[in-house]
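The values are calculated or read from the model by the stated rules, or taken from the named source; none is laboratory data. Only a predicted model underlies this, so the values are computations on that prediction, with no experimental measurement involved. Virtual Cβ from ideal backbone geometry, glycine too; neighbours counted across all protein chains shown. Each accessible area value is taken on the protein alone, full model and side chains, heavy atoms only, with ligands, DNA and RNA left out. Shrake-Rupley method; radii C 1.70, N 1.55, O 1.52, S 1.80 Å.
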Amino acid sequence: MRRFLLPVALGAALAATTSVVVPALSAAPATDELNWGPCPETPVPTPDLECTTLRVPLDHRDPGGPTIELAISRLPSTNPEQRRGVLFTNPGGPGGSGLDYPQLLTSTALPSPLPRSVRDRYDVIGFDPRGVGHSTPVTCDLTPEQLAIGNLPYANDPADVVRQAEVAKAEARQCAEAETGAMLPHTTTANTARDMDRIRAALGEPTASYLGASYGSYLGAVYATLFPERGDRIVLDSNLGPGGYGIEAMRAFGRGMQERFPDFAEFAARHPEHGLGTTPDEVTAKYHELAARLDREPVAAYTGSIFRGMTFSSLYGSDMGALARAWRSLDRGEEPEVPGGEPPVSDNVPAARFAVLCGDSAWPRSVQSYQRDVAVDRERYPLIGAASANIAACAFWATDPVEPKVAITDGGPSNVLMVQNERDPGTPLSGARELRSALGERARMVTVEEGGHGVYAVGANRCANDAVTEFLVTGERPEDTTCAAQPR
(Lines give C-alpha, C1' and ligand atoms only; values in the text may rest on other atoms or scores of the structure.)
Protein backbone atom coordinates (compact mmCIF):
# COMPACT_ATOMS: atom_id res chain seq x y z
CA MET A 1 0.00 0.00 0.00
CA ARG A 2 1.29 3.44 -0.89
CA ARG A 3 0.68 6.36 1.42
CA PHE A 4 1.16 10.01 0.65
CA LEU A 5 1.91 12.56 3.31
CA LEU A 6 2.27 16.22 2.58
CA PRO A 7 5.96 16.75 1.81
CA VAL A 8 7.64 18.01 4.97
CA ALA A 9 11.03 18.80 3.50
CA LEU A 10 12.71 19.63 0.24
CA GLY A 11 14.74 16.48 0.73
CA ALA A 12 11.64 14.32 1.05
CA ALA A 13 12.22 12.61 -2.29
CA LEU A 14 15.52 11.24 -0.97
CA ALA A 15 14.48 10.76 2.65
CA ALA A 16 12.83 7.90 4.47
CA THR A 17 11.76 7.43 8.05
CA THR A 18 13.36 4.78 10.22
CA SER A 19 12.21 2.83 13.23
CA VAL A 20 12.01 5.01 16.31
CA VAL A 21 13.45 4.01 19.66
CA VAL A 22 12.19 6.44 22.27
CA PRO A 23 14.88 7.26 24.84
CA ALA A 24 13.89 8.41 28.29
CA LEU A 25 14.22 12.05 29.17
CA SER A 26 17.36 12.80 31.14
CA ALA A 27 17.55 14.97 34.23
CA ALA A 28 21.26 15.54 33.68
CA PRO A 29 22.35 19.11 32.99
CA ALA A 30 22.88 20.20 29.40
CA THR A 31 26.50 20.17 28.30
CA ASP A 32 28.26 22.20 25.64
CA GLU A 33 30.98 19.61 24.92
CA LEU A 34 30.83 18.31 21.35
CA ASN A 35 32.59 15.07 20.41
CA TRP A 36 32.53 14.58 16.65
CA GLY A 37 32.52 11.14 15.08
CA PRO A 38 30.81 9.03 12.40
CA CYS A 39 27.19 9.78 11.60
CA PRO A 40 24.36 7.33 12.21
CA GLU A 41 22.96 5.58 9.19
CA THR A 42 20.78 7.94 7.15
CA PRO A 43 18.78 7.48 3.91
CA VAL A 44 21.36 9.56 2.02
CA PRO A 45 25.00 8.33 2.20
CA THR A 46 27.04 10.79 4.25
CA PRO A 47 30.74 9.97 3.75
CA ASP A 48 31.93 13.55 4.29
CA LEU A 49 29.74 14.33 7.29
CA GLU A 50 30.73 14.10 10.91
CA CYS A 51 28.17 13.97 13.68
CA THR A 52 27.74 14.60 17.36
CA THR A 53 25.04 15.10 19.95
CA LEU A 54 24.18 17.88 22.37
CA ARG A 55 21.85 17.81 25.34
CA VAL A 56 19.54 20.80 25.73
CA PRO A 57 16.73 21.60 28.16
CA LEU A 58 13.36 20.13 27.31
CA ASP A 59 11.90 23.40 28.60
CA HIS A 60 14.24 26.34 28.05
CA ARG A 61 12.44 28.17 30.85
CA ASP A 62 13.73 25.46 33.20
CA PRO A 63 17.40 25.05 32.26
CA GLY A 64 18.07 22.76 35.22
CA GLY A 65 15.23 20.40 34.43
CA PRO A 66 14.96 17.38 32.11
CA THR A 67 17.01 17.42 28.93
CA ILE A 68 16.67 15.95 25.46
CA GLU A 69 19.29 15.06 22.90
CA LEU A 70 19.93 16.78 19.57
CA ALA A 71 21.71 15.04 16.70
CA ILE A 72 24.02 17.44 14.82
CA SER A 73 26.08 17.07 11.66
CA ARG A 74 28.92 19.08 10.17
CA LEU A 75 30.33 19.30 6.66
CA PRO A 76 33.64 21.08 7.29
CA SER A 77 34.82 23.98 5.18
CA THR A 78 36.73 22.93 2.09
CA ASN A 79 39.18 25.81 2.57
CA PRO A 80 39.80 26.68 6.23
CA GLU A 81 41.82 29.76 5.22
CA GLN A 82 38.68 31.28 3.65
CA ARG A 83 36.30 30.01 6.32
CA ARG A 84 33.87 32.66 7.57
CA GLY A 85 31.88 30.63 10.10
CA VAL A 86 29.00 28.18 10.22
CA LEU A 87 25.96 27.86 7.97
CA PHE A 88 23.01 26.23 9.70
CA THR A 89 20.58 24.46 7.37
CA ASN A 90 17.03 23.16 7.60
CA PRO A 91 15.17 21.43 4.72
CA GLY A 92 11.64 22.03 5.97
CA GLY A 93 8.96 20.20 7.84
CA PRO A 94 7.89 20.30 10.51
CA GLY A 95 8.87 16.72 11.12
CA GLY A 96 11.61 16.54 8.51
CA SER A 97 15.08 15.24 9.34
CA GLY A 98 17.94 17.60 8.61
CA LEU A 99 20.93 15.52 9.70
CA ASP A 100 21.95 14.53 6.18
CA TYR A 101 20.84 17.79 4.54
CA PRO A 102 24.35 19.31 4.27
CA GLN A 103 25.43 16.26 2.30
CA LEU A 104 22.29 16.34 0.17
CA LEU A 105 22.91 20.00 -0.71
CA THR A 106 26.22 19.01 -2.30
CA SER A 107 24.73 16.19 -4.38
CA THR A 108 25.38 16.38 -8.11
CA ALA A 109 21.83 15.06 -8.56
CA LEU A 110 20.61 18.57 -7.70
CA PRO A 111 20.29 21.17 -10.45
CA SER A 112 22.58 23.60 -8.60
CA PRO A 113 24.45 21.99 -5.69
CA LEU A 114 26.22 24.20 -3.17
CA PRO A 115 29.13 25.79 -5.05
CA ARG A 116 32.72 25.57 -3.89
CA SER A 117 32.70 29.25 -2.95
CA VAL A 118 30.05 28.57 -0.28
CA ARG A 119 31.67 25.31 0.83
CA ASP A 120 34.95 27.17 1.31
CA ARG A 121 33.46 29.79 3.60
CA TYR A 122 31.34 27.72 5.91
CA ASP A 123 31.15 24.62 7.96
CA VAL A 124 27.68 23.50 6.85
CA ILE A 125 25.66 22.40 9.86
CA GLY A 126 22.66 20.08 9.84
CA PHE A 127 20.56 18.77 12.69
CA ASP A 128 17.48 16.78 13.46
CA PRO A 129 15.16 19.23 15.25
CA ARG A 130 13.86 18.29 18.67
CA GLY A 131 11.39 15.46 18.42
CA VAL A 132 12.70 14.27 15.05
CA GLY A 133 14.73 11.31 13.85
CA HIS A 134 18.03 10.80 15.64
CA SER A 135 17.30 13.57 18.12
CA THR A 136 15.05 12.54 21.00
CA PRO A 137 12.00 11.59 18.90
CA VAL A 138 8.33 11.93 19.65
CA THR A 139 5.72 9.32 18.82
CA CYS A 140 1.93 9.16 18.70
CA ASP A 141 1.68 5.38 18.31
CA LEU A 142 -0.23 5.89 15.07
CA THR A 143 -1.62 2.75 13.51
CA PRO A 144 -0.98 1.69 9.91
CA GLU A 145 -4.60 2.55 9.17
CA GLN A 146 -4.15 6.08 10.53
CA LEU A 147 -0.92 6.54 8.57
CA ALA A 148 -2.66 5.35 5.41
CA ILE A 149 -5.15 8.24 5.53
CA GLY A 150 -2.40 10.78 4.93
CA ASN A 151 -2.68 14.37 6.10
CA LEU A 152 -4.87 15.79 3.35
CA PRO A 153 -8.13 13.84 3.69
CA TYR A 154 -10.59 15.37 1.23
CA ALA A 155 -14.08 16.14 2.55
CA ASN A 156 -16.84 15.84 -0.02
CA ASP A 157 -19.54 16.89 2.44
CA PRO A 158 -20.08 17.86 6.12
CA ALA A 159 -20.38 14.21 7.10
CA ASP A 160 -16.81 13.59 5.89
CA VAL A 161 -15.61 16.30 8.29
CA VAL A 162 -17.43 14.59 11.16
CA ARG A 163 -15.84 11.25 10.26
CA GLN A 164 -12.38 12.82 10.06
CA ALA A 165 -12.99 14.51 13.42
CA GLU A 166 -13.19 11.07 15.04
CA VAL A 167 -9.86 10.15 13.47
CA ALA A 168 -8.32 13.45 14.58
CA LYS A 169 -9.65 13.05 18.13
CA ALA A 170 -8.08 9.59 18.40
CA GLU A 171 -4.75 10.85 17.02
CA ALA A 172 -4.64 13.71 19.54
CA ARG A 173 -5.42 11.33 22.39
CA GLN A 174 -2.73 8.89 21.30
CA CYS A 175 -0.15 11.67 21.07
CA ALA A 176 -0.95 12.82 24.61
CA GLU A 177 -0.92 9.29 26.04
CA ALA A 178 2.23 8.12 24.24
CA GLU A 179 5.52 7.68 26.08
CA THR A 180 6.71 11.05 24.79
CA GLY A 181 3.53 12.95 25.68
CA ALA A 182 5.46 15.17 28.12
CA MET A 183 7.60 16.46 25.25
CA LEU A 184 4.70 17.73 23.17
CA PRO A 185 4.11 21.16 24.78
CA HIS A 186 7.81 21.95 24.31
CA THR A 187 8.26 20.66 20.74
CA THR A 188 7.78 24.05 19.11
CA THR A 189 9.47 26.27 16.56
CA ALA A 190 10.54 28.78 19.21
CA ASN A 191 12.25 26.04 21.23
CA THR A 192 13.92 24.67 18.10
CA ALA A 193 15.28 28.17 17.47
CA ARG A 194 16.58 28.24 21.05
CA ASP A 195 18.17 24.84 20.43
CA MET A 196 19.92 26.32 17.40
CA ASP A 197 21.42 29.01 19.56
CA ARG A 198 22.63 26.37 22.02
CA ILE A 199 24.31 24.59 19.11
CA ARG A 200 25.89 27.86 17.95
CA ALA A 201 27.30 28.47 21.41
CA ALA A 202 28.57 24.88 21.70
CA LEU A 203 30.36 25.34 18.37
CA GLY A 204 32.10 28.38 19.82
CA GLU A 205 30.73 30.71 17.16
CA PRO A 206 29.67 34.29 17.98
CA THR A 207 27.18 34.29 15.08
CA ALA A 208 25.64 31.81 12.66
CA SER A 209 24.47 32.08 9.07
CA TYR A 210 21.38 30.15 8.02
CA LEU A 211 19.80 28.53 4.96
CA GLY A 212 16.28 27.24 5.51
CA ALA A 213 13.53 26.24 3.10
CA SER A 214 9.77 25.74 3.39
CA TYR A 215 8.96 25.40 7.11
CA GLY A 216 12.67 26.12 7.57
CA SER A 217 11.97 29.66 6.36
CA TYR A 218 9.72 30.19 9.38
CA LEU A 219 12.27 28.60 11.71
CA GLY A 220 14.88 31.00 10.33
CA ALA A 221 12.60 34.00 10.75
CA VAL A 222 11.91 33.00 14.36
CA TYR A 223 15.62 32.57 15.05
CA ALA A 224 16.38 35.95 13.48
CA THR A 225 13.69 37.49 15.68
CA LEU A 226 14.66 35.84 18.97
CA PHE A 227 18.40 36.29 18.42
CA PRO A 228 18.75 39.24 16.03
CA GLU A 229 22.40 39.98 16.84
CA ARG A 230 23.52 36.37 16.55
CA GLY A 231 22.48 35.88 12.95
CA ASP A 232 25.07 36.54 10.26
CA ARG A 233 23.64 35.96 6.75
CA ILE A 234 20.09 34.57 6.73
CA VAL A 235 18.58 32.95 3.61
CA LEU A 236 14.87 32.07 3.67
CA ASP A 237 13.69 29.96 0.72
CA SER A 238 10.05 29.13 -0.21
CA ASN A 239 8.55 31.17 2.52
CA LEU A 240 5.74 30.65 4.97
CA GLY A 241 3.94 33.74 6.17
CA PRO A 242 4.93 35.33 9.48
CA GLY A 243 2.38 33.22 11.37
CA GLY A 244 4.03 29.91 10.51
CA TYR A 245 1.88 26.80 10.13
CA GLY A 246 -1.39 27.98 11.61
CA ILE A 247 -4.80 27.31 10.14
CA GLU A 248 -4.45 30.01 7.49
CA ALA A 249 -1.18 28.53 6.21
CA MET A 250 -2.80 25.11 5.97
CA ARG A 251 -5.74 26.53 4.05
CA ALA A 252 -3.27 28.32 1.77
CA PHE A 253 -2.33 24.94 0.27
CA GLY A 254 -5.59 25.24 -1.63
CA ARG A 255 -4.48 28.53 -3.12
CA GLY A 256 -1.01 27.15 -3.88
CA MET A 257 -2.46 24.22 -5.79
CA GLN A 258 -4.72 26.49 -7.83
CA GLU A 259 -1.73 28.63 -8.79
CA ARG A 260 0.60 25.72 -9.61
CA PHE A 261 -1.76 23.24 -11.29
CA PRO A 262 -2.03 25.17 -14.61
CA ASP A 263 1.64 24.36 -15.25
CA PHE A 264 0.78 20.67 -15.23
CA ALA A 265 -2.43 21.16 -17.21
CA GLU A 266 -0.48 22.94 -19.93
CA PHE A 267 2.20 20.23 -19.94
CA ALA A 268 -0.33 17.41 -20.24
CA ALA A 269 -2.19 19.24 -23.01
CA ARG A 270 1.09 19.56 -24.95
CA HIS A 271 1.61 15.80 -24.56
CA PRO A 272 -1.65 14.20 -25.74
CA GLU A 273 0.04 10.79 -25.74
CA HIS A 274 -0.84 10.62 -22.02
CA GLY A 275 -4.53 10.72 -22.92
CA LEU A 276 -5.42 13.36 -20.31
CA GLY A 277 -6.78 16.00 -22.68
CA THR A 278 -5.64 18.27 -25.47
CA THR A 279 -6.35 21.58 -23.72
CA PRO A 280 -5.68 22.73 -20.14
CA ASP A 281 -9.43 22.84 -19.52
CA GLU A 282 -9.76 19.21 -20.59
CA VAL A 283 -6.89 18.19 -18.28
CA THR A 284 -8.53 20.03 -15.38
CA ALA A 285 -11.81 18.29 -16.10
CA LYS A 286 -9.97 14.95 -16.15
CA TYR A 287 -8.60 15.72 -12.66
CA HIS A 288 -12.06 16.24 -11.23
CA GLU A 289 -13.52 13.26 -13.09
CA LEU A 290 -10.72 10.92 -11.99
CA ALA A 291 -10.84 12.12 -8.36
CA ALA A 292 -14.61 11.57 -8.22
CA ARG A 293 -14.25 8.11 -9.77
CA LEU A 294 -11.58 7.14 -7.22
CA ASP A 295 -13.81 8.44 -4.43
CA ARG A 296 -16.38 5.85 -5.55
CA GLU A 297 -14.05 3.05 -6.63
CA PRO A 298 -10.44 3.23 -5.37
CA VAL A 299 -7.63 1.61 -7.32
CA ALA A 300 -5.71 -0.37 -4.73
CA ALA A 301 -4.92 2.25 -2.02
CA TYR A 302 -5.64 5.17 -4.32
CA THR A 303 -8.79 6.86 -3.12
CA GLY A 304 -9.81 10.26 -4.40
CA SER A 305 -8.09 11.82 -1.37
CA ILE A 306 -4.84 9.97 -2.02
CA PHE A 307 -4.99 10.93 -5.71
CA ARG A 308 -5.50 14.60 -4.90
CA GLY A 309 -2.69 14.50 -2.34
CA MET A 310 -0.38 12.68 -4.73
CA THR A 311 -1.02 15.30 -7.40
CA PHE A 312 -0.44 18.14 -4.96
CA SER A 313 2.81 16.72 -3.59
CA SER A 314 4.10 15.91 -7.10
CA LEU A 315 3.65 19.54 -8.09
CA TYR A 316 6.34 20.47 -5.55
CA GLY A 317 8.82 19.18 -8.14
CA SER A 318 9.28 19.54 -11.86
CA ASP A 319 8.80 15.99 -13.19
CA MET A 320 5.47 16.53 -14.91
CA GLY A 321 5.95 13.41 -17.00
CA ALA A 322 5.96 11.12 -13.95
CA LEU A 323 2.75 12.68 -12.70
CA ALA A 324 1.10 12.35 -16.10
CA ARG A 325 2.05 8.67 -16.24
CA ALA A 326 0.60 8.12 -12.77
CA TRP A 327 -2.69 9.71 -13.87
CA ARG A 328 -2.75 7.57 -16.98
CA SER A 329 -2.28 4.38 -14.94
CA LEU A 330 -5.06 5.30 -12.55
CA ASP A 331 -7.32 6.22 -15.46
CA ARG A 332 -6.79 2.67 -16.71
CA GLY A 333 -7.54 1.16 -13.30
CA GLU A 334 -3.88 0.31 -12.67
CA GLU A 335 -1.80 1.14 -9.60
CA PRO A 336 0.89 3.64 -10.64
CA GLU A 337 4.56 3.73 -9.75
CA VAL A 338 5.17 7.05 -8.04
CA PRO A 339 8.49 8.01 -6.43
CA GLY A 340 8.15 8.84 -2.75
CA GLY A 341 4.96 6.88 -2.24
CA GLU A 342 6.27 4.09 -0.03
CA PRO A 343 4.78 3.89 3.46
CA PRO A 344 6.72 5.25 6.42
CA VAL A 345 8.12 2.67 8.81
CA SER A 346 7.35 4.75 11.90
CA ASP A 347 5.02 7.54 12.89
CA ASN A 348 7.80 9.95 13.89
CA VAL A 349 7.32 12.33 10.96
CA PRO A 350 3.56 12.86 11.44
CA ALA A 351 3.97 12.83 15.24
CA ALA A 352 6.61 15.58 15.13
CA ARG A 353 4.50 17.46 12.64
CA PHE A 354 1.49 17.35 14.95
CA ALA A 355 3.62 18.47 17.89
CA VAL A 356 4.88 21.60 16.17
CA LEU A 357 1.64 22.54 14.41
CA CYS A 358 -0.41 22.12 17.57
CA GLY A 359 2.22 23.56 19.91
CA ASP A 360 2.89 26.68 17.84
CA SER A 361 -0.68 27.78 17.19
CA ALA A 362 -4.10 27.72 18.82
CA TRP A 363 -6.52 25.93 16.47
CA PRO A 364 -10.32 26.15 16.34
CA ARG A 365 -12.01 23.52 18.50
CA SER A 366 -15.41 23.49 16.82
CA VAL A 367 -16.17 20.80 14.25
CA GLN A 368 -18.73 23.15 12.74
CA SER A 369 -16.05 25.77 12.03
CA TYR A 370 -14.14 23.25 9.92
CA GLN A 371 -17.31 22.29 8.10
CA ARG A 372 -17.79 25.94 7.20
CA ASP A 373 -14.16 26.32 6.10
CA VAL A 374 -14.36 23.18 3.97
CA ALA A 375 -17.52 24.42 2.25
CA VAL A 376 -15.90 27.79 1.51
CA ASP A 377 -12.61 26.37 0.25
CA ARG A 378 -14.27 23.67 -1.85
CA GLU A 379 -15.70 26.52 -3.92
CA ARG A 380 -12.75 28.90 -3.65
CA TYR A 381 -10.00 26.32 -4.29
CA PRO A 382 -11.80 23.37 -5.92
CA LEU A 383 -8.68 21.32 -6.62
CA ILE A 384 -7.79 20.53 -3.00
CA GLY A 385 -9.29 23.22 -0.77
CA ALA A 386 -11.73 20.81 0.88
CA ALA A 387 -8.73 18.77 2.05
CA SER A 388 -6.45 21.53 3.29
CA ALA A 389 -9.32 23.09 5.29
CA ASN A 390 -10.35 19.78 6.86
CA ILE A 391 -10.12 19.06 10.56
CA ALA A 392 -6.97 17.56 12.10
CA ALA A 393 -5.54 16.54 15.46
CA CYS A 394 -4.81 20.10 16.59
CA ALA A 395 -8.56 20.67 17.03
CA PHE A 396 -8.45 18.17 19.92
CA TRP A 397 -4.94 18.78 21.24
CA ALA A 398 -4.62 18.14 24.95
CA THR A 399 -2.76 21.36 25.75
CA ASP A 400 -2.84 24.96 24.60
CA PRO A 401 0.41 26.59 23.39
CA VAL A 402 2.66 27.24 26.38
CA GLU A 403 3.79 30.65 25.11
CA PRO A 404 2.58 33.28 22.64
CA LYS A 405 3.64 32.91 19.04
CA VAL A 406 6.83 34.79 18.18
CA ALA A 407 5.93 38.05 16.43
CA ILE A 408 8.13 38.49 13.35
CA THR A 409 9.10 42.15 13.07
CA ASP A 410 11.63 44.44 11.42
CA GLY A 411 13.71 44.72 14.60
CA GLY A 412 17.30 43.73 13.93
CA PRO A 413 20.05 44.01 11.32
CA SER A 414 19.36 44.08 7.60
CA ASN A 415 20.75 40.62 6.90
CA VAL A 416 17.91 38.52 5.43
CA LEU A 417 17.56 37.41 1.80
CA MET A 418 14.33 35.71 0.75
CA VAL A 419 13.91 33.69 -2.46
CA GLN A 420 10.52 32.56 -3.70
CA ASN A 421 8.91 30.94 -6.74
CA GLU A 422 5.80 32.70 -8.04
CA ARG A 423 3.76 29.48 -8.28
CA ASP A 424 4.75 27.51 -5.22
CA PRO A 425 2.06 25.01 -4.19
CA GLY A 426 3.25 24.55 -0.61
CA THR A 427 4.21 28.10 0.35
CA PRO A 428 2.35 30.44 -1.99
CA LEU A 429 3.77 33.82 -2.98
CA SER A 430 1.11 35.59 -0.91
CA GLY A 431 2.65 34.26 2.32
CA ALA A 432 6.15 35.24 1.23
CA ARG A 433 4.96 38.77 0.58
CA GLU A 434 3.46 38.91 4.08
CA LEU A 435 6.74 37.77 5.60
CA ARG A 436 8.68 40.27 3.49
CA SER A 437 6.41 43.03 4.79
CA ALA A 438 6.80 41.88 8.40
CA LEU A 439 10.59 41.87 8.14
CA GLY A 440 10.64 45.34 6.61
CA GLU A 441 14.14 46.70 6.00
CA ARG A 442 15.67 43.58 7.46
CA ALA A 443 14.93 41.70 4.23
CA ARG A 444 15.16 41.74 0.47
CA MET A 445 13.30 39.28 -1.75
CA VAL A 446 14.13 37.63 -5.08
CA THR A 447 10.99 36.37 -6.81
CA VAL A 448 11.34 33.74 -9.53
CA GLU A 449 8.85 33.54 -12.40
CA GLU A 450 8.56 29.76 -12.06
CA GLY A 451 6.54 27.08 -10.32
CA GLY A 452 7.48 24.44 -7.80
CA HIS A 453 8.71 24.30 -4.22
CA GLY A 454 12.31 25.28 -3.55
CA VAL A 455 14.67 27.69 -5.27
CA TYR A 456 18.29 27.58 -4.08
CA ALA A 457 20.29 24.46 -4.99
CA VAL A 458 17.17 22.39 -5.72
CA GLY A 459 16.15 24.67 -8.62
CA ALA A 460 17.92 25.50 -11.87
CA ASN A 461 17.26 29.24 -12.06
CA ARG A 462 20.72 30.73 -12.44
CA CYS A 463 19.66 34.28 -11.62
CA ALA A 464 18.22 33.25 -8.24
CA ASN A 465 20.98 30.80 -7.38
CA ASP A 466 23.65 33.38 -8.18
CA ALA A 467 21.92 35.96 -5.97
CA VAL A 468 21.92 33.62 -2.97
CA THR A 469 25.49 32.49 -3.54
CA GLU A 470 26.68 36.08 -3.84
CA PHE A 471 24.99 36.95 -0.56
CA LEU A 472 26.40 33.96 1.32
CA VAL A 473 29.90 34.56 -0.03
CA THR A 474 30.16 38.37 0.03
CA GLY A 475 27.18 39.64 2.01
CA GLU A 476 25.94 41.63 -0.98
CA ARG A 477 22.18 41.45 -1.58
CA PRO A 478 20.16 42.65 -4.54
CA GLU A 479 17.29 45.02 -4.05
CA ASP A 480 13.85 43.36 -4.32
CA THR A 481 13.92 41.89 -7.80
CA THR A 482 12.38 39.31 -10.11
CA CYS A 483 14.25 36.59 -11.98
CA ALA A 484 12.80 35.49 -15.32
CA ALA A 485 11.97 31.82 -15.80
CA GLN A 486 14.95 29.69 -16.78
CA PRO A 487 14.66 28.36 -20.35
CA ARG A 488 14.21 24.59 -20.33
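Kindly indicate whether residue 150 is open to solvent by less than 20 Å² (accessible area, probe 1.4 Å) and touching a strand residue (DSSP E or B) at 6+ places or on another chain (Cβ under 8 Å). For residue 150, the condition - open to solvent by less than 20 Å² (accessible area, probe 1.4 Å) and touching a strand residue (DSSP E or B) at 6+ places or on another chain (Cβ under 8 Å) - is not met. Of all the numbered requirements in (1) crowded, with 21+ Cβ neighbours inside 10 Å; (2) at pLDDT 95 or above, residue 65 misses one, and that requirement is (1). Under 8 Å by Cβ, and 6 or more places apart or on different chains, what pairs join a residue from segment 32-60 that is more than 22 Å from residue 109 (Cβ to Cβ) with one that is among the acidic types (Asp, Glu) and assigned to a loop (DSSP other than H, G, I, E, B)? Pairs that qualify, where the first residue is more than 22 Å from residue 109 (Cβ to Cβ) and the partner is among the acidic types (Asp, Glu) and assigned to a loop (DSSP other than H, G, I, E, B), are 54/32.
When restricted to residues that are closer than 20 Å to residue 354 by Cβ, of a type in the set (Val, Ile, Thr) and out of contact with any Ser or Thr (no Cβ under 7 Å at 6 or more places or on another chain), segment 387-427 contains 3. Of the residues in segment 181-228, how many are surrounded by fewer than 20 Cβ atoms within 10 Å (Cβ to Cβ) and more than 18 Å from residue 55 (Cα to Cα)? The number of residues fulfilling the criteria is 6. Listed conditions (1) touching a helix residue (DSSP H, G or I) at 6+ places or on another chain (Cβ under 6 Å); (2) at pLDDT 90 or above; (3) crowded, with 22+ Cβ neighbours inside 10 Å are all met by residue 97, apart from (1). Looking across segment 358-405, the residues that are farther than 27 Å from residue 61 by Cβ and polar (S, T, N, Q) come down to 366, 368, 369, 371, 388, 390.
Considering segment 350-453, the qualifying helices (runs of 4 or more DSSP H), each wholly inside and each with 1 or more residues that are of a type outside the set (D, E, K, R) and open to solvent by 20 Å² or more (accessible area, probe 1.4 Å), run over 367-380, 429-439.
Looking across segment 114-133 at every residue that is among the small types (Gly, Ala, Ser) and surrounded by 23 or more Cβ atoms within 10 Å (Cβ to Cβ), the one that is nearest to residue 196 (Cα to Cα) is identified as 126.
Within segment 478-488, not a single residue is among the hydrophobic types (A, V, I, L, M, F, W, C), closer than 22 Å to residue 86 by Cβ and open to solvent by less than 60 Å² (accessible area, probe 1.4 Å). For residues that are in contact with a Leu (Cβ under 8 Å, 6 or more places away or on another chain) and polar (S, T, N, Q), tally how many sit in segment 410-452. Qualifying residue count for the region: 4.
From the list 168, 155, 178, the lone residue that is open to solvent by less than 30 Å² (accessible area, probe 1.4 Å) and within 23 Å of the chain's Cα centre (by Cα) is 168. Selection of segment 268-280 for residues being under 12 Å from residue 325 (Cβ atoms) and among the hydrophobic types (A, V, I, L, M, F, W, C) yields 268, 276. Evaluating residue 278 against the criteria (1) closer than 21 Å to residue 426 by Cα; (2) surrounded by fewer than 22 Cβ atoms within 10 Å (Cβ to Cβ); (3) touching a Pro at 6+ places or on another chain (Cβ under 6 Å); (4) among the polar types (S, T, N, Q) leaves one unmet condition, (1).
In segment 302-321, the residue that is nearest to residue 427 (Cα to Cα) out of those that are hydroxyl-bearing (Ser, Thr, Tyr) and either open to solvent by less than 10 Å² (accessible area, probe 1.4 Å) or touching a Cys at 6+ places or on another chain (Cβ under 6 Å) (or both) is 311. Here the condition is being hydroxyl-bearing (Ser, Thr, Tyr), in a loop (DSSP other than H, G, I, E, B) and over 22 Å from the mean Cα position of the chain (by Cα); of 284, 278, it holds for 278 alone.
Taken as a whole, the structure places residue 470 among residues that are part of a helix (DSSP H, G or I), at pLDDT 95 or above and either farther than 14 Å from residue 415 by Cα or not β-branched (Val, Ile, Thr) (or both). Quick one: is residue 51 at pLDDT 70 or above, assigned to a strand (DSSP E or B) and surrounded by 15 or more Cβ atoms within 10 Å (Cβ to Cβ)? The answer is yes for residue 51.
Taking each residue of segment 132-149 that is touching a residue at least 60 places away in the same chain (Cβ under 8 Å) and looking for partners that are among the hydroxyl-bearing types (Ser, Thr, Tyr) and open to solvent by 30 Å² or more (accessible area, probe 1.4 Å) with beta-carbon atoms closer than 7 Å, six or more apart or interchain, yields 132/97; 133/97. Every condition in (1) in contact with a strand residue (DSSP E or B) (Cβ under 8 Å, 6 or more places away or on another chain); (2) under 27 Å from residue 465 (Cβ atoms) is met by residue 198 except one, and the failing one is (2). Scanning segment 226-276 for residues that are among the basic types (Lys, Arg) and in contact (Cβ under 8 Å) with a residue 12 or more places away in the chain, we see that the one that is nearest to residue 330 (Cα to Cα) is 260. Of the residues making up segment 100-113, those that are among the aliphatic types (A, V, I, L, M) and either open to solvent by 20 Å² or more (accessible area, probe 1.4 Å) or within 22 Å of residue 416 (Cβ to Cβ) (or both) are 105, 109, 110. One residue alone among 438, 375 is modelled with pLDDT of 95 or more, of a type outside the set (Ser, Thr, Tyr) and within 22 Å of the chain's Cα centre (by Cα), and that residue is 438.
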